[in-house]
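Beneath this line is the structure, given in structure tokens, with notes to follow.
The values are calculated or read from the model by the stated rules, or taken from the named source; none is laboratory data. Model, not experiment: these values are computed from the prediction. Neighbour counts are summed over all protein chains in view; Cβ atoms, including those assigned to glycine, are modelled from backbone coordinates with ideal geometry. Keep in mind that these areas ignore ligands, DNA and RNA; they rest on the heavy atoms of the full protein, side chains included. Shrake-Rupley method; radii C 1.70, N 1.55, O 1.52, S 1.80 Å.
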Amino acid sequence: MARVTVEDCVTRVPNRFELVLVAAQRARDIASGALITVDRDNDKNPVVALREIAEYTIEVDALQNALVTGLQKQPEIDEPEEDTELSIDEQTWPDGAGAQAIDEELKDDMQFVDVEEGEVDLESEVEEKLGDADFSDEI
């Protein structure tokens, strides 16, 4: 095939405008260093691209995908999906952590304050005022 006309490629890509876009994408790929799947025969890149399309030596779908991603202004980023099932594991303490280290860690986490003389203990006051009230029915 010395010269390729659009009629030779229309069987593969029925829309002529889409054919021009796909062939132009393939010609750009060839210009950027992609391997050619047919003999060049001293032809320019657009002619080689049309010959490759006509001879079924390249995938048109891959060219269409490359064309779409090349024209996107904001490329699509694949983000990992969130896990719908979350599980809470038991807290593991470092090796050699004794009861005293655990108690100190809990105190730091819960911010306990020691009650000194003259200070008011809020917890005991609340317990005195509430007494043995049962709040389970008020939900």
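Cβ separations smaller than 8 Å between residues 6+ apart or across chains give the following pairs from the stretch 53-74 residues that are farther than 21 Å from Val6 by Cβ to residues that are open to solvent by 60 Å² or more (accessible area, probe 1.4 Å): Thr69/Pro75; Thr69/Glu76. Close contacts from the stretch 18-30, counting a first residue that is within 11 Å of Gln64 (Cα to Cα) and in contact (Cβ under 8 Å) with a residue 24 or more places away in the chain and a second that is among the acidic types (Asp, Glu) and crowded, with 19+ Cβ neighbours inside 10 Å, with Cβ to Cβ under 8 Å and a gap of 6+ residues or different chains, come to Arg26/Glu52.
Across the stretch 65-86, the qualifying residues are those that are in a loop (DSSP other than H, G, I, E, B) and open to solvent by less than 100 Å² (accessible area, probe 1.4 Å), and the one among them that is modelled with the lowest pLDDT is Pro75.
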